[in-house]
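Rule-based calculations on the coordinates, nothing more; no lab input. It should be emphasised that the depicted structure is a prediction, and the values quoted were computed from it without experimental measurement. Neighbour counts run over all protein chains shown; Cβ positions are idealised from the backbone, glycine included.
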Amino acid sequence: METPVFEEFEPASDCDCPGCVRGRRFPAPSVLPGPLGRPVSHRAFVIAAAAGAALVAVPSVPAVAVAHGPARPGDPAGDEPDTPQGGEAPLHGPAGSPAKPGTGVEVPATTRAAIINRAKKWITAQVPYSMSAYWSDGYRQDCSGFVSMAWNLPGNEWTGSLHSFGVRISRDQLQPGDILLFHNPADPQNGSHVVLFGGWTDYTHTYYIAYEQTRPRTRRQSTPYAYWSNSTHYLPYRHKGLADGASGAQSSVPGTKAAPYPGPSAFGPGTNNAYVTQLGRLLVERGGRRFYTSGPGPRWSNADRRATRAFQLAQGWKGTGADGLPGPRTWSYLVEKKGRDIPPAAGATGTTGTTGTASTTGTASTTGTTGTTGTTGTTGTTGTASTAGAGGAPSVAVPAFPGRGTFRPGARNAFVTLLGKQLVKKGFGAYYAHGPGPDWGESDRRAVEAFQRAQGWRGGAVDGRPGPETWRRIFS
């Protein structure tokens, strides 16, 4: 019997079977110099024999992902993944055979909630990474296959084609369900990557939640923007078929891009909602970090008022335009990144005002370089303390708040009269049968309560007794 002749062949470069992986790691004996080299036919015979033995010994099993070794040593928790990818391909059926390709490329409609929920399914299933295996839903188990699945695309795309299903956006526009795409034309298979954006981790917008398919399996973790490596090459994209107004999978804070003004009732003493948090974060981005000792939160505080007023003053606004409460104009400037930022603290300190003169109609005037109230003098019955902004133009005069004890049951003083008269001017005089007087009574309390409700306040902020913020608004 003649010795059989075997034909030399090379496996596909992207084959993930253990034999091919080992073969790529070690040089072929036939190319080694010296006496160790062996004929090509002998190597082919050994490979064929080994393959035949493997086919006999291993029973038939469904196609699953090949397990890979641990991530490369030296990587911080495997943060810079080794993620080679496959090319464009149709969806695969459960048995691993390709399904029929679609008749045309269409971008299916979806929502942010649907995108994130689809990604979470792979997170829960701990889908192993592979550039040749396909999960039960038909999508390839690599980074681009994962995004194709999350975006519910009609086929398996790759980093060189995913952009055609999206629209370029800016970093500030990123919302859950968008992607960060790095396509490296020089090494598209092994030097590219794509991740799904899951939302910022905090108001600094330096870290975000990334959903990605990488070795050894699908993961969700906090990631520095834009990525651990090649950060400057990642570009943000948004799904073309995203339904208008889709808000699913957002963080607790409403979107910051052209978000509609929520109304005056969302801000001020006693309010507690996500818009207050969003306001604080926007102000921090515009230079207001120094006003917050523990970061913005959902409960309205004096820090929010001071930061808002500083932003308003930075725009050159005066009077009621710089009252520390965001109106539609202030809100639009913040969410649309318009106007000037809050100046540094060194330029925000005003000079101490002069002491006013005590008299029945005495006035305590101040001239602060930043529009902050200076030291007020002793005021008389109708004494007021006026302030001047950086431009020297006086703002609306607001009397110094005399303290909560001035407005308690049994109190009798000129400030009660002053308060009542101002409430009448504001249109809340229906509760006075004989006109305001110096004795604090139920008429005063009900008038103040009505004024507080008119600001959109709720709960303990509507108690019928003027605090500093109620006082300031009444006289603004």
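Observations on the structure shown:
- Distant-in-sequence amide H partners of residue 464 (H built 1.01 Å from N, under 5 Å): 449
- Inter-site label distance for residue 338 and residue 202 at 7 Å from Cα along Cβ, in nm: 3.2
- Residue order for 242, 283, fewest other beta carbons within 10 angstrom first, comes to 242, 283.
- Here the dipole of segment 401-476 is about 160 debye; that uses its Cα centre as origin and unit charges on the Cβ of Lys and Arg (positive) and Asp and Glu (negative).
- Maximal additional length on extending the residue 265-residue 117 stretch stands at 50.0 nm, based on 0.36 nm per residue less the C-alpha distance.
- Net charge, residue 398 excluded, C-beta distance under 11 Å - Lys, Arg +1, Asp, Glu -1: +1
- HN-Hα J in Hz across segment 192-205 - Karplus 6.51, -1.76, 1.60, θ = phi - 60°, x for Gly and Pro: 10, 6, 8, 10, 9, 7, x, x, 6, 7, 7, 6, 6, 6
- Residue pairs, from the table 120/338; 318/338; 338/425, whose Cα atoms sit over 27 Å apart: 120/338; 338/425
- In order along segment 423-432, the phi-based Karplus estimate (6.51 cos²θ - 1.76 cosθ + 1.60, θ = phi - 60°) of 3J(HN,Hα) comes to 5, 4, 4, 7, x, 10, x, 5, 8, 9 Hz; Gly and Pro are listed as x.
- Förster-model FRET efficiency, 25 Å R0, residue 221 and residue 167, C-beta, rounded to 0.05: 0.40
- Extension gain from residue 458 to residue 408, taking 0.36 nm per residue of separation minus the Cα-Cα distance: 15.9 nm
- 201, 214 arranged by Cβ crowding within 10 Å, fewest neighbours leading: 201, 214
- Mean sequence separation of contacting Cα pairs (under 8 Å, at least six apart), scaled by the length of segment 180-227, corresponds to a relative contact order of 26 percent.
- Exposure proxy ranking, count of Cβ atoms within 10 Å, fewest first, for 163, 434, 183, 193: 434, 163, 183, 193
- Evaluating kT/(6 pi eta Rh) at 25 °C and 0.890 mPa s, with the Kirkwood radius of segment 264-347 over Cα pairs in the Stokes-Einstein relation, gives 197 µm² s⁻¹.
- Each label was represented as a point 7 Å from its Cα along the Cα-to-Cβ direction; for residue 240 and residue 228 these points are 3.3 nm apart.
- A full extension of the chain between residue 293 and residue 274 corresponds to an added length of 5.0 nm, given 0.36 nm per residue minus the alpha carbon distance.
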